[in-house]
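Please treat every number below as a calculation from the coordinates, not as lab data. Quick caveat, the model's predicted, so the values are computed rather than measured. Neighbour counts run over all protein chains shown; Cβ positions are idealised from the backbone, glycine included.
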Amino acid sequence: MAFWSNANIEPKRSHRFLFEFTLPDGTTSQVYARNVSKPSFDVGQSEHKFLGQTYYYPSAISWSDVSAVLVNSMAPDFDALMHILLANSGYVSPDNVSTSGNAVDDAGTISKGAAVDALGPVLIKELDGDGRTIGQYTLNNAWVKSASFGDLDYGSEELQSISLTLRYDWASYTTRPGVSAG
């Protein structure tokens, strides 16, 4: 039965969501999200040619990046927190690398384990009209692929934002008990 003909059936709304991960200072990001893309995937294909015909078979799944826009703030300072998150991922900026004689000390690069640990669990929660979670995506082994700190403009009074692109290995989806999948 269609939702528009039954008042007890509620469609999901795009403005009812929480995007959660924990920032380096322990602050949760859920109140700062402006928008977030839900996970998506592509199924690869393999082809087999036989007797003038081509047959296709599904192959590996590839999960696409998730993008999010967060409202920037002064407290907490998201510019500073994103740089701390980068450092916690293993990045050492060139001005923090020391040398002694011919040896390089304190050099480091980002590792997947450190990047995943720095970001922690990433959740996208879909909410009902009462604010209860009706569905939840978990981005497994997520890390920040890119961060853009936005633009400054004397002619604008818009809130500053930070755009994030997250990479992850796969997404899991769970529903609240009692919510039907079909």
>> Which of PHE50, PHE21 has the fewest other C-beta atoms within 10 Å, and how do the rest follow up to the most?
In response: PHE50, PHE21
> How far apart, in nm, are the 7 Å Cα→Cβ label points at GLU10 and ASN35?
Replying inline: 2.4 nm
> How many Lys pairs in the chain lie less than 15 angstrom apart by Cα atoms, where the lysines are 8 or more positions apart or on different chains?
Replying inline: 4
>> Taking just the alpha-carbon atoms of the range 19-109, what radius of gyration and Dmax come out, in angstrom?
In response: 22.4, 69
> Taking the chain as a Gaussian network, where each spring joins two C-alpha atoms under 10 Å apart, which residue of ASP25, ASP79, ASP65 fluctuates the most?
Replying inline: ASP25
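At 222 nm, what value in deg cm²/dmol follows for the chain if DSSP H runs of at least 4 each add -39500 (n - 2.57) and the sum is divided by all its residues, to the nearest 500? Mind dumping the intermediate values first?
Values: 2 runs with 19 residues, N = 182.
Helices in the chain give a 222 nm mean residue ellipticity of -3000 deg cm²/dmol.
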> Pulled fully out, how much extra length does the chain show between ASP106 and ARG176, if you take 0.36 nm times their separation in residues and subtract their Cα-Cα distance?
Replying inline: 20.5 nm
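Report the rotationally averaged projected area of the range 72-165 based on its alpha-carbon convex hull, in square nanometres.
Details: hull surface 38.0 nm².
Reported value for the Cα convex hull: 9.5 nm².
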> How high is the relative contact order of the chain, in percent, counting Cα pairs under 8 Å that sit 6 or more residues apart?
Replying inline: 23 percent
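Please label the shape of the range 10-67 as rounded, prolate or oblate, based on the square roots a ≥ b ≥ c of the eigenvalues of the alpha-carbon gyration tensor (a/c under 1.5 means rounded; beyond that, a/b larger than b/c means prolate, else oblate). Display every interim value, and only then the final one.
On the way: a/c = 6.15, a/b = 2.66, b/c = 2.31.
Judged from the Cα gyration tensor, the range 10-67 comes out prolate (a/c at least 1.5, a/b above b/c).
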>> So if each residue of separation counts as 0.36 nm, and I subtract the Cα-Cα distance between HIS48 and LEU152, what length gain in nm does that give?
In response: 32.1 nm
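In the P(r) worked out for the chain, what percent of Cα pairs fall beyond 20 Å? Could you put the intermediate results ahead of the total?
Numbers: 10797 of 16471 pairs.
Taking all Cα-Cα pairs of the chain, the fraction more than 20 Å apart is 66 percent.
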> Angle between the Cα long axis of helix 78-88 and the longest principal axis of the chain, 0 to 90 degrees, nearest 10?
Replying inline: 80 degrees
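Compute the projected area of the convex hull of the Cα atoms of the range 40-82, averaged over all viewing directions, and report it in nm² to one decimal place. The partial results should precede the final answer.
Working: hull surface 18.5 nm².
Result: 4.6 nm².
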